[in-house]
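**Student:** Next up is a structure, given as structure tokens.
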Amino acid sequence: MPVYLNEIDDFSELEAYNSVLIVPCRFCPAASIAVSRKEPYFQPLSSLLKTPSFEQYLDTVQTKLEKRGIRTNVFKSYLLHQFVVCMWTARRRKKLRKVARNYDAVLVIGCEAALDTVQDSIDAYASQVFQGMRTEGIMSIKPIIQMPCNVSLELNRITPLLHNSNNEEAWTRL
């Protein structure tokens, strides 16, 4: 049950910074982009473990920031256990801390759990941390195998999340 995240097109709050490290989670955001664009989640014969639509989204975010004169880089993950940010090991978090010291800000492409993981991983005084996608709810999806070996995700429904600050009435009814 991955989290459904919406793309954010405007990163104007990052214009105050000279450099931004983009830290993507490669599970929920990639699934969300693939579902919203109705494109395959995995195409093992052409892109192995990457989601082409998500890679394109990351390129677009990076290009938009660079057009504003902001130096960027994407914090890469190559091993499966590094793909889900909220489940990173202490060693992976330490690596992020070391890399993030070279940037004014960190843009987390993921949910609030990914944001918390990144904030807990870096030096609080070193970089400002921003969330690069908006959490909408939990996805109920059906994986579909398509020829030749592509894996797509069919969205069944999105179960909205209750946010304490936005839905105080809903919290009191529980």
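**Student:** Identify the residue in the range 129-160 that is touching a Cys at 6+ places or on another chain (Cβ under 9 Å) and not hydrophobic (A, V, I, L, M, F, W, C) and, among all such residues, is nearest to F42 (Cα to Cα).
**Tutor:** Here the residue is T135.
**Student:** Could you check the range 27-48 and list, in sequence order, the residues that are modelled with pLDDT under 90 and either of a type in the set (V, I, T) or farther than 15 Å from P143 by Cβ (or both)?
**Tutor:** Result: L45, S46, S47, L48.
To keep it simple, each residue is scored yes or no on (1) in a loop (DSSP other than H, G, I, E, B); (2) within 22 Å of S127 (Cβ to Cβ); (3) in contact with a Ser or Thr (Cβ under 7 Å, 6 or more places away or on another chain); (4) of a type in the set (A, V, I, L, M).
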position: E15; (1), (2), (3), (4): no, yes, no, no
position: V20; (1), (2), (3), (4): no, yes, yes, yes
position: S36; (1), (2), (3), (4): no, no, no, no
position: Q56; (1), (2), (3), (4): no, no, no, no
position: L65; (1), (2), (3), (4): no, yes, yes, yes
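**Student:** Turning to a different aspect of this structure: Kindly provide the set of residues from the range 1-32 that are surrounded by fewer than 17 Cβ atoms within 10 Å (Cβ to Cβ) and charged (D, E, K, R), ordered by number.
**Tutor:** Passing the criteria: E7, D9, D10, E13, E15.
**Student:** In addition: Looking at L115, L96 in this structure, which one is out of contact with any helix residue (DSSP H, G or I) (no Cβ under 8 Å at 6 or more places or on another chain), surrounded by 19 or more Cβ atoms within 10 Å (Cβ to Cβ), of a type outside the set (K, R) and not in a strand (DSSP E or B)?
**Tutor:** On the way: L96 fails: out of contact with any helix residue (DSSP H, G or I) (no Cβ under 8 Å at 6 or more places or on another chain).
Exactly one of L115, L96 is out of contact with any helix residue (DSSP H, G or I) (no Cβ under 8 Å at 6 or more places or on another chain), surrounded by 19 or more Cβ atoms within 10 Å (Cβ to Cβ), of a type outside the set (K, R) and not in a strand (DSSP E or B), namely L115.
The values are calculated or read from the model by the stated rules, or taken from the named source; none is laboratory data. All of these numbers come straight from a predicted model, not from anything done at the bench. No Cβ is skipped: glycine too gets one built from the backbone with ideal geometry, and neighbour counts run over all protein chains shown.
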